[in-house]
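Below: the structure, in structure tokens.
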Protein chains: 2
Amino acid sequence: MSEKIVIIGGSAAGPKAAARARRMDENSEIVMFQMGSDLSMASCGFPYYVGGFFDNRNMLLCTPTGVVRDPDFYWNSKGIVTKTNTEVTSINPDVRNVEYRNLATGERGVESYDRLIIATGAKAKMPPVPGAGLDGITNLQTMQDADYLRKIRDDGNVRKAVVIGGGLIGIETMEALNLAGIEITIIELMPQLLSFLDWEMARLVENYIKGKANVITKSGVAEFIGSGGSLCAVKLDNGTEIPCELAVVAVGVSPNVRLAREAGIAIGNLGGILVNEHMETSIPGIYAAGDCCEIRNMITGENVLAPYGDLANLEGRVAGENAVKGNIAVFPGTIQTGICKLFDYGIGMTGLSESAARKSGLDYMTVVNASPDKPGYMNGKLLVTKLVVHGKTGKILGAQCLGPGDVSKQLAIWATAIRGNLAVDDLVNNDLPYAPPYSLAIDHSIATVHIMQNKMKGLFRGISSIEFKDKLTARDEMFILDVRGADEFEQSRLGAGEVLIPLGTLRNRLKELPEDKKTEIVTYCKISLRGYEAAVLLQSVGYENVKVLEGGLMAWPFVKEK
Amino acid sequence: MSEKIVIIGGSAAGPKAAARARRMDENSEIVMFQMGSDLSMASCGFPYYVGGFFDNRNMLLCTPTGVVRDPDFYWNSKGIVTKTNTEVTSINPDVRNVEYRNLATGERGVESYDRLIIATGAKAKMPPVPGAGLDGITNLQTMQDADYLRKIRDDGNVRKAVVIGGGLIGIETMEALNLAGIEITIIELMPQLLSFLDWEMARLVENYIKGKANVITKSGVAEFIGSGGSLCAVKLDNGTEIPCELAVVAVGVSPNVRLAREAGIAIGNLGGILVNEHMETSIPGIYAAGDCCEIRNMITGENVLAPYGDLANLEGRVAGENAVKGNIAVFPGTIQTGICKLFDYGIGMTGLSESAARKSGLDYMTVVNASPDKPGYMNGKLLVTKLVVHGKTGKILGAQCLGPGDVSKQLAIWATAIRGNLAVDDLVNNDLPYAPPYSLAIDHSIATVHIMQNKMKGLFRGISSIEFKDKLTARDEMFILDVRGADEFEQSRLGAGEVLIPLGTLRNRLKELPEDKKTEIVTYCKISLRGYEAAVLLQSVGYENVKVLEGGLMAWPFVKEK
């Protein structure tokens, strides 16, 4: 006997669960509820619609061959009944049904189920400050938000906007509005943008943004100031007023769990629906998937909220299969891989940052590698990677990567390596696809594990930009050695009292170094490969305390002399 | 006590071994011999120099900051003595020295060593046919070859060229010469180009090349025909003469092992130097690295020749470390990952093809997935992937990928997955970086393992393009069902007697299907996702023998009606 599957939510996890359920059993009855009028919207695409990467709104709602995914499509192509503009008002597990109300007609009804899948998503948060009801304040969460912001682009009347929140959505929104010709200020409560990154990596992003947007960190919003019912400024908690006609709030989302909670389904400490590895809730036969759930971080074992479109689809697939077949499919959890585009930069991470590893109490090591993705003659572009590995075993714990180079490939490699429990020693000879249009002979990811291996073997003694900056601030006695060429030094330099001795002349100029072999020496170059070679040379002539500035000048997040 | 390291070969593996040895011990004496005048040439970049991707020849010989890697650079920056234009004439393991001769001055000498690293590379093969000495015949293996072909581009006098050999170098050369405005014919002895691909995948490449070059397979060269000492035609073994002023021979390379053989070092059945996992030859203290070696295929355990620039570097790094430190570093082998660019296409593979898996006697399954790399609204481009997995465990054995999409990332994922011994079940929920500029919500690689998982579970019954073509040729009775839209059918179709019933109408038109539920039915669409949904539907109404054409029309390698 085929079961009847009811799904609450028609955006990402819901439709995927429905489609998977259908493919597992053509004869099951499948009913999907959607509160809005659109189904299966490509919501991750909203910033690109707003930013003018494409103009045809239907592309967000269509199959690749141009068929709108409306109720007719779902019925004709997939045999799935969809009820749009329909709110499920309660789940009644005892009698296995849901009650609903059509928001257009007011009509109410009851739908029974054998298995239920909750995919109610998440709601954009709003700061609880005065003026939040003014015109000109929005999120970028719904199709309506996207339409609203796209109209602003098309009308061309807004001059200044504030983006509140420097997470993934905030960054994507900032790009979209900048491309619409709007002057942007981005406001973040935390001391950095993109809080999943370590501070110095986020700072590199902030440096890159300069000239494209104003960035204000460590600031909350105190009030939205209006004039005639419309926003005219955002007031920060330090009293500063930023004039603007538009504010986009992107301070995160909260799981929509009211229905689940009222039905007695267990909710976690983070506010999401609790599910087991089969995506089943605390009530047998009721599954949940997508942004409304808490899922397991596979590295720490702790629950997390991970409201990403890809995970929603994968979770939906597992929930859909299990709803039909019983609990045969497993969703193992997330390593919280994320990526965003910011003009010419890709920015992303997978696994644990250093700060997350520290919080988890793990024994870890880090390294920073700044080097190109491809040969110079193929127009190679910079990548900066910060790798975090387990201190003893070298197991990959996480990687952050950013820059104009091919960040997406790098993160895919790290994510798959973490999935495979691989360690540094497993990756030093990783047999990756090499040809000059795609990679250096030693791929950036491999070069990164090479440096880490050298560090673990004690061959490479690195100093992070933050440690070095702290020493500079504390006026620690050090000999700072820049081993680049004179031409490079002219173009750009630290200005921290460093001495320039190009690597090629260092062997003949050793007498210019401090006599005391115990002097702390920090070497660097553009990316710190030459810095490393200099350190090896200095150690060989007896210097005992030589460190290499990791990532060199390319990964230096602080102000330089020039 | 530091050891003296001598290295024979200064192209890729040699310089990497030298640099690694230096970093392991700043005090060891390192001498590197190079027969030509250039050192550390970026030989994988030759096709791009010839093709005009860049004009500054020095970029092939320089560090990223523009310093030519000449003997002064090696001495000043790395403390490595290099002897260029110097041929090592013999290795004398009993007395631990090598004899050499300066090719410019004729001067002879002897250099003793504690550890020796052989990195003599490989030599381009030449077909043993008449006329090979004519002007206008070259390889693209040396810097001189690159100079010769670049001059032909710059002079602009050559109108027609023949490329002999359809492997990676042949394909890259073809692109380079096409970009130089030369009409190309590419000749391959085997029944297909790129013999590391399965036939039907190679055929997709051949279809793509049409209009850009003439492709002649299953043909050898019988003679180079000259006029006044210069090439004027290439004669095939079937007698056809192809007029041309230039022939580039790219029929592979042979390891340079004369020196090693004469020194009593063991040579393998494939003609390469035999090494253990430490890259040490049969004579202790003598290492080898790069194209002159045989290395282990990590999947089959068999030795292979794998003359790739990335492996040469990785092998050199291991040899350099072990030469200094004793055998502490391990080179585990290769999975023969390769990639090449061909105009807008990336083409590559990692691990085993179906044909290699069959030859190895492995129990395997395959699947083909044709789908875009990104959403349509972000200008997503097609990828065609053929995945080979172990039949019982689902362990990834190999993947071939091609198309205008992001092939490099796909192959990096598969290669890392193979390195991690991952199976289909490990990858169905792989947490990859997703944002619309980089990927679909379900990445192409994940979609591929989803299909494979469906196939392994018996949900998806596929038929390969070759099997289906065989059935068509044999005029097997089948009902062929195209479930695309009428508009798509107008644009392009198989013309194999198929019936068009768009998926969205199929539920209402089931009566148009054969009455006999045992009839063999083959369904497909553009990429066979709708084809799959149709098959599920047909099975649910009792059809017992429904198959989905894998990869749909996008992966169809044969002629279509339109």
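Throughout, read-outs are computed from the coordinates displayed, never taken from laboratory work. None of these values were measured; they are calculated from a predicted model. Virtual Cβ from ideal backbone geometry, glycine too; neighbours counted across all protein chains shown.
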- Query: Whose amide H sits under 5 Å from the amide H of residue A:32, counting only residues 5 or more places off or on another chain, with H placed in the peptide plane?
  - Reply: A:7, A:81, A:82, A:83
- At a Förster distance of 25 Å, what's the computed FRET efficiency of residue B:112 paired with residue A:461, Cβ-Cβ distance as r, to 0.05? 0.15
- Query: In chain B, what residue has the beta-carbon at the shortest distance from the axis of the rotation relating B to A, and what is that distance in angstrom, rounded to the whole number?
  - Reply: B:420, 1
- Calculated from DSSP helices alone, with each H run of at least 4 adding -39500 (n - 2.57) and the total divided by the residues of the protein assembly as shown, [θ]222 nm to the nearest 500 comes to -7500 deg cm²/dmol
- Query: Rounded, prolate or oblate: which fits the stretch B:1-121 when a ≥ b ≥ c are the square roots of the eigenvalues of the alpha-carbon gyration tensor, with rounded for a/c under 1.5 and prolate only if a/b beats b/c?
  - Reply: prolate
- Message: Suppose you put the label 7 Å out from Cα in the Cβ direction; list, shortest first and in nm with one decimal, how far residue B:4 is from each other copy's label.
- Response: 9.0
- Reach of residue B:4 by Cα under 24 Å, taken over lysines that are not fewer than 8 positions away in the same chain: A:457, B:16, B:78, B:83, B:325
- If A:201, B:554 are placed from fewest to most neighbouring beta carbons inside 10 Å, the sequence is B:554, A:201
- Message: Once you keep just the Cα pairs under 8 angstrom separated by 6 or more residues, what percentage relative contact order results for the stretch A:476-547?
- Response: 36 percent
- Query: Sorted from shortest, what are the nm distances separating the label point of residue B:106 from equivalent points in the other copies, each placed 7 Å from Cα along Cα to C-beta?
  - Reply: 11.1
- Item | Fraction of beta bridges assigned by DSSP in the stretch B:1-151 that are antiparallel (%, nearest 5) | 50 percent
- For residue B:523, enumerate residues with amide H under 5 Å from its amide H, sequence gap 5+ or separate chain, H modeled in the peptide plane. B:481, B:547, B:548, B:549
- Item | Assigned charges on the beta-carbon of Lys, Arg, Asp, Glu; the stretch B:1-52 dipole about Cα centre (debye) | 120 debye
- Pairs of lysines 8 or more apart, or on different chains, with alpha carbons under 20 Å: count those in the stretch B:370-447, would you? 6
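Just counting partner chain Cβ atoms within 10 Å, what average do the residues of peptide A:307-315 show around their Cβ?
If you average over the peptide's residues, the count of other-chain Cβ atoms is 5.
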- Message: Under 25 Å between alpha carbons, and skipping anything fewer than 8 positions from residue A:160 in its own chain: which lysines qualify?
- Response: A:125, A:151, A:210, A:212, A:218, A:235, A:341
- Query: Taking every DSSP beta bridge that has both residues in the stretch B:137-251, what percent is antiparallel when rounded to the nearest 5?
  - Reply: 40 percent
- Restricted to chain B, the DSSP antiparallel beta bridge percent, nearest 5, is 55 percent
- With only Lys, Arg, Asp and Glu charged, each at its Cβ (+1 for the first two, -1 for the last two), find how big the charge dipole of chain B is about the Cα centre; round to the nearest 20 debye. 640 debye
- Heads up, the protein assembly as shown by the C-alpha gyration tensor (a ≥ b ≥ c square roots of eigenvalues; a/c under 1.5 rounded, else a/b over b/c prolate, else oblate) looks oblate
- Taking the Cα-to-Cβ direction at residue A:54 and at residue B:216 and moving 7 Å from each Cα, how far apart do the two end points lie in nm? 4.4 nm
- Per-residue HN-Hα couplings for the stretch B:176-190, Karplus 6.51 cos²θ - 1.76 cosθ + 1.60 at θ = phi - 60°, whole Hz, x for Gly and Pro? 4, 6, 4, 5, 7, x, 9, 7, 10, 10, 10, 10, 10, 5, 7
- Radius 11 Å from Cβ of residue A:337, net charge of other residues (Lys, Arg +1; Asp, Glu -1): -2
- Item | Among B:539, B:347, B:168 - extreme Cα towards positive end, dipole of chain B, charges at beta-carbon | B:539
- Query: From the label point of residue B:283, set 7 Å from Cα along Cα→Cβ, how far away are the matching label points in the other copies, in nm, ordered shortest to longest?
  - Reply: 7.9
- Task: Name the long-range amide H neighbours of residue B:293: under 5 Å, sequence gap of 5 or more, or other chain; modelled H, no Pro or chain starts.
- Result: B:273
- Message: Per residue of the stretch B:119-130, what does 6.51 cos²θ - 1.76 cosθ + 1.60 with θ = phi - 60° give for ³J(HN,Hα)? Whole Hz please, x for Gly and Pro, Karplus curve as stated.
- Response: 9, 8, x, 9, 10, 5, 7, 10, x, x, 10, x
- Run the numbers on chain B and let me know its relative contact order in percent, using alpha-carbon pairs under 8 Å that are six or more apart. 11 percent
- Residues of the stretch B:240-284 with amide nitrogen under 11 Å from the 7 Å Cα-to-Cβ point of residue B:125? B:250-255
- Query: With charges only on Cβ, +1 for K and R and -1 for D and E, what is the dipole size of the stretch A:462-555 about its Cα centre, in debye, rounded to 20?
  - Reply: 160 debye
- Sum of side-chain charges, residue B:298 neighbourhood, beta-carbon under 14 Å (Lys, Arg +1; Asp, Glu -1): -3
- What net charge do the residues around residue A:439 carry, taking every other residue with its C-beta under 15 Å from that of residue A:439, with Lys and Arg at +1 and Asp and Glu at -1? -2
- Note on the structure: Here the relative contact order (percent) of the stretch A:266-360, from C-alpha pairs under 8 Å and at least 6 apart, is 23 percent
